[in-house]
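The values are calculated or read from the model by the stated rules, or taken from the named source; none is laboratory data. As the structure is a computational prediction, the values presented were derived from the model and not from experiment. Counting neighbours? That spans all protein chains shown, and the Cβs are built from the backbone with ideal geometry, glycine included. Note: areas computed on protein heavy atoms with side chains; ligands, DNA, RNA excluded. Shrake-Rupley method; radii C 1.70, N 1.55, O 1.52, S 1.80 Å.
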Amino acid sequence: LRPGQGTRDHPPAQAALRDRLLGAVVSCFKRHGAAAIDTPVLELRETLMGKYGEDTKLIYELQDQGGELLALRYDLTVPFARYLAMNKVTNMKRYHVAKVYRRDNPAMTRGRYREFYQCDFDIAGQFDPMIPDAECLKIVHEILSDLQLGDFVIKVNDRRILNGVFAVCGIPEKKFLPACSTVDKLDKVPWEEVRSEMVGEKGLSPEAVDRVGEYVQLHGGLDLIEQLLQDPKLSQNKLAKEGLGDMKLLFEYLTLFGITGKICFDLSLARGLDYYTGVIFEAVLLQQENKHVEETVSVGSVAGGGRYDGLVGMFDPKGRKVPCVGVSIGIERIFSILEQRLKASGEKLRTTETQVLVATPQKHLLAARLKLISELWDAGIKAEMLYRKDPKLLKQLQYCEDTGIPLAAIVGEQELADGVVKLRDVATREEVRMDTSCKRAKC
């Protein structure tokens, strides 16, 4: 027996690691003032269709159930846009951590699944340019630094710059999106392969593609932005000029945040989704620091996002737009790295938060254990006991060692007579006697 392809069970150790990871991400989102929302796993099929470019084919469609054509959500962004339009919300900073579903070819060793968690942070509302966008990049920087995953780079680009490049190079407007999805592969395959796909499969002229190639292989920082603003062809294109102006502003804000050392303006970054309209970004691990195993963990991008100013308007009956920018943390890929690192280190991860085990050294003391553990639970203390009438003390202490419980509260015949509980530090074996009537310790 096994779970469905591209899905997996999480035993307690993995679930504990995932909780720790999600906790670090959510605490960053909360630090930046985001409120949590939740949306259904099921969306109307029509809500999702046509929003993801070539990836629309990866949506899990469900058969007609009760008169509705439904699908499993593909990401958390489109449901968020639907939520904003439906509730006429024009201003919101939200985070959402939930599972999404993609009918993809799974590559589980690289953290690519059919069912997986996404952790999204989005800012919706009409604000001055690039201030919310800069905060999204700061959040990515904070999370990746906090998790200590090794060196990383956050690539940034702008859909308007990319569309301007296509226009001045002679790519027809109706071919912009297909060209985008092919250019987006430049981080994985060499330019020659991208070029042949653009000419062969996408039907673009070799001359136009070669002109595109001169631009999309460029990457740098503020200097490159200045250079392109002076470019005789690009500077004449309204879209590209707008995008480059905003990119310059973005870099000024990122300089104030002190994070430009990890930011790279990369003209090959396209992100295949249809709904992006402005700034786009993607965080990539440069190398996996792992001193314990020789092979590195190949995981690709670990965060991505961008500006999608038109998506909410697609759901609004009157076409009212709500500008949005957001970021999604690739939690499964990060989890794969941390999981392999933990495995290699041999460190044992606690799967429970139990603080104390209530133990007895002699027989016929089950009543004393039940009474004491009940008092501990009522006081909010995380406590356990073995489900045996007369367990041996050694077995109880061994359970503490096996599960990482730091303390044992031992109540025997002598302790009952003296009105005390013996508190034992499992690791050091030191013991103190606690007076149960006045809570004073007697050594």
>> As an exercise: evaluate Gln398 against (1) of a type in the set (S, T, N, Q); (2) open to solvent by 80 Å² or more (accessible area, probe 1.4 Å); (3) more than 25 Å from Pro12 (Cα to Cα) and give the number of the one condition it does not meet.
In response: (3)
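Okay, residues lined up against (1) open to solvent by 80 Å² or more (accessible area, probe 1.4 Å); (2) assigned by the TED database to the domain that holds Gly278; (3) touching a strand residue (DSSP E or B) at 6+ places or on another chain (Cβ under 9 Å):
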{"residue": "Lys57", "(1), (2), (3)": "yes, yes, no"}
{"residue": "Gln63", "(1), (2), (3)": "yes, yes, yes"}
{"residue": "Asp75", "(1), (2), (3)": "no, yes, yes"}
{"residue": "Val100", "(1), (2), (3)": "no, yes, yes"}
> Inside region 253-279, can you point out the residues that are under 24 Å from Val183 (Cα atoms), outside any loop (DSSP other than H, G, I, E, B) and among the hydrophobic types (A, V, I, L, M, F, W, C)?
Replying inline: Ile263, Cys264, Phe265, Val279
> Restricting attention to region 105-119, and to residues there that are open to solvent by less than 30 Å² (accessible area, probe 1.4 Å) and more than 23 Å from Val325 (Cα to Cα), which single residue is nearest to the chain's Cα centre (by Cα)?
Replying inline: Gly111
> Name the pairs: first residue in region 154-181 and open to solvent by less than 40 Å² (accessible area, probe 1.4 Å) and modelled with pLDDT of 90 or more, second residue among the charged types (D, E, K, R) and assigned to a strand (DSSP E or B), Cβ to Cβ under 6 Å, at least 6 apart or on different chains?
Replying inline: Lys155/Asp266; Lys155/Glu282; Asn157/Asp266
> Only one of these conditions is not met by Val358: (1) more than 30 Å from His10 (Cβ to Cβ); (2) aliphatic (A, V, I, L, M); (3) touching a Lys or Arg at 6+ places or on another chain (Cβ under 6 Å). Which number is it?
Replying inline: (1)
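What about Gly67, is it at pLDDT below 90 and touching a helix residue (DSSP H, G or I) at 6+ places or on another chain (Cβ under 7 Å)? Spell out how you get there, then give the answer.
Numbers: at pLDDT below 90: yes; touching a helix residue (DSSP H, G or I) at 6+ places or on another chain (Cβ under 7 Å): no.
Answer is no for this residue.
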> When residues of region 216-237 are filtered for being assigned to a helix (DSSP H, G or I), touching a residue at least 12 places away in the same chain (Cβ under 8 Å) and open to solvent by 50 Å² or more (accessible area, probe 1.4 Å), how many remain?
Replying inline: 3
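Taking Lys248, is it among the charged types (D, E, K, R), in the same structural domain as Phe166 (by the TED database) and in contact (Cβ under 8 Å) with a residue 60 or more places away in the chain?
Numbers: among the charged types (D, E, K, R): yes; in the same structural domain as Phe166 (by the TED database): yes; in contact (Cβ under 8 Å) with a residue 60 or more places away in the chain: no.
No, not satisfied.
Regarding region 258-280, can at least one residue be identified that is among the aliphatic types (A, V, I, L, M) and loosely packed, with under 14 Cβ neighbours inside 10 Å?
We begin by selecting, within region 258-280, every residue among the aliphatic types (A, V, I, L, M); these are 259, 263, 267, 269-270, 273, 279-280.
Next, from what is left, pick out any that are loosely packed, with under 14 Cβ neighbours inside 10 Å: none.
So far as region 258-280 goes, no, none of its residues is among the aliphatic types (A, V, I, L, M) and loosely packed, with under 14 Cβ neighbours inside 10 Å.
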>> Here are the criteria: (1) farther than 22 Å from Ala13 by Cβ; (2) open to solvent by less than 60 Å² (accessible area, probe 1.4 Å). Tell me which single one Ala379 does not satisfy.
In response: (2)
> Give me the pairs: first residue in region 379-393 and farther than 16 Å from Glu353 by Cβ and in the same structural domain as Pro406 (by the TED database), second residue of a type outside the set (Ser, Thr, Tyr) and assigned to a loop (DSSP other than H, G, I, E, B), beta-carbon distance under 6 Å, and six or more apart or on different chains, which are they?
Replying inline: Asp390/Lys363; Leu393/Pro361
> Name the residues in region 120-153 that are of a type in the set (Asp, Glu), part of a helix (DSSP H, G or I) and crowded, with 22+ Cβ neighbours inside 10 Å, would you?
Replying inline: Asp133
>> I'd like to check something: does region 270-285 contain any residue that is closer than 18 Å to Tyr52 by Cα, at pLDDT below 90 and hydrophobic (A, V, I, L, M, F, W, C)?
In response: yes
